[in-house]
Amino acid sequence: MITKLGIRNFKRFLTLSLRLRPLTVLTGLNGAGKSTLVQSLLLARQAAYRTELDVVALNGVLGLALGEAEDVFHPEAEESAQIEVLLETDDALPVTFGFRSSGGRALNLAVAEPRPDGPAILKGHGTAFTYLCAERLGPRDQLEVTAEDVAHLGVGEKGQFCGQLLAVHENQEVRPSLRHPRTAEHGVTTVRAQVEDWASDIIRPVRITAQWPPGIAASVIRFSEPGSLLDGIRPPNMGFGVSYALPVIVAGLLATERAIFIVENPEAHLHPAGQSRIGRFLGRLAGSGVQVIVETHSDHVLNGIRLAAADDQTVSPSDVIVHYFDGEGLVTIEMTERGSLSSWPSGFFDQLENDLGGLARAQRRR
């Protein structure tokens with residue numbers, strides 16, 4: 001597990017260091033630096049995983065779209081400075097990846113020497129390393145397939161390989177710690193059944209069929225509603241929430257212990273109850289031995305994580321940490337044994353209270 005992340009000279013941060021836990025929540029104002037932290041991990045991932053390459057891509061890999069090298073250096077960084085990503089883990093010595101400009105209008109960064117041996121958690125393939133970006137695919141009649149070895153198959157940063165992954169692994173057993181509580185009633189522990197259980201819980205009651213038809217370079221997902229005569233419902237007719245949440249569920253259920261799972265805006269297109277339930281799912285995932293890093297603007301997701309710790313008890317409260325970016329700095333918030341938070345800074349999920357106060361004042365004036 002990565003226990004500490006430090007970055008230097010990267011985008012808005014001249015220097016920053018923060019602790020990571022089995023479940024780390026990044027939240028705060030728009031443009032305050034949450035995505036920058038995730039992007040620093042994606043650069044380190046490239047350097048650790050693709051050791052045969054001397055550069056890391058700033059665009060087109062892992063959903064990155066960072067522009068040119070000069071766009072990602074902090075404006076106050078010295079001319080000869082490197083971007084640095086420091087990683088501390090619980091099973092190895094700290095490592096620092098350095099990145100320098102390749103010169104000219106470079107669309108990549110050169111990996112500085114000496115190049116360290118990256119931590120094992122960043123070297124995993126397939127569902128041992130999952131990153132789902134905020135710009136995930138909406139409903140599609142067909143999804144992409146990849147020529148990657150089956151062992152290296154993941155959902156893709158936009159969920160583009162979700163159908164292929166589900167079709168290939170639908171009969172695989174889900175780890176006991178990730179099985180839906182409803183499993184005690186029906187006893188079916190395969191990936192397909194568990195995906196249906198969790199999707200029905202988070203989104204709406206649904207049956208799911210994933211196929212990778214022979215001779216077609218595409219996968220197909222179709223849905224049906226339990227008890228309905230309608231079968232083979234196309235994704236565009238099921239709404240955006242299903243297509244956005246499904247890759248989170250599929251990748252989560254196939255994640256191995258000591259995997260890392262990074263997801264941006266898991267709440268996208270979900271109703272409030274679904275946002276809370278996907279928070280509880282992420283809590284269970286972290287409690288199963290997967291390191292989860294979630295970027296969110298949803299208090300429902302946060303409260304779902306709190307319920308996972310305090311009510312479900314699927315993740316320890318001490319294994320959860322929240323970093324709130326207020327535009328001027330970083331506020332670190334711990335979770336107590338009862339699921340409460342150690343502090344509640346101004347601007348931290350307080351808009352409902354502010355709006356209700358404004359409505360009460362408006363009503364008193366009438």
Q. More than 25 Å from Met238 (Cα to Cα) and in the same structural domain as Glu225 (by TED's automatic domain parsing), is that true of His180?
A. no
(Q) Tell me which helices (runs of 4 or more DSSP H) are completely within region 148-243 and hold 2 or more residues being farther than 29 Å from Val61 by Cα and of a type in the set (A, V, I, L, M, F, W, C), or say none if there are none. (A) 191-202
Q: Kindly indicate which of Ala120, Ala65 is small (Gly, Ala, Ser), in contact with a Ser or Thr (Cβ under 9 Å, 6 or more places away or on another chain) and surrounded by fewer than 19 Cβ atoms within 10 Å (Cβ to Cβ).
A: Ala120
Q: Assess whether Arg277 counts as being out of contact with any Leu (no Cβ under 8 Å at 6 or more places or on another chain) and over 18 Å from Ala167 (Cα atoms).
A: yes
Q. Hey, any hits in region 35-45 for a residue that's touching a Lys or Arg at 6+ places or on another chain (Cβ under 9 Å), buried (at least 21 other Cβ atoms within 10 Å of the Cβ) and either under 20 Å from Gly327 (Cα atoms) or not assigned by TED's automatic domain parsing to the domain that holds Val315 (or both)?
A. yes
Q.
Out of the residues in region 341-360 meeting the condition of being not in a loop (DSSP other than H, G, I, E, B) and not aliphatic (A, V, I, L, M), tell me which one is nearest to the chain's Cα centre (by Cα).
A. Gln351
Q. If we only count strands (runs of 3 or more DSSP E) wholly inside region 55-147, which ones have 2 or more residues that are in contact (Cβ under 8 Å) with a residue 24 or more places away in the chain and of a type in the set (A, V, I, L, M)?
A. 55-57, 83-89, 108-111
Q.
Within region 336-346, does at least one residue satisfy the condition of being touching a Phe, Trp or Tyr at 6+ places or on another chain (Cβ under 8 Å) and crowded, with 16+ Cβ neighbours inside 10 Å?
A. no
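The values are calculated or read from the model by the stated rules, or taken from the named source; none is laboratory data. The structure displayed is predicted, hence computed values, not measured ones. Here the Cβ is made from the backbone with ideal geometry for all residues, glycine too, and neighbour counts use every protein chain on show.
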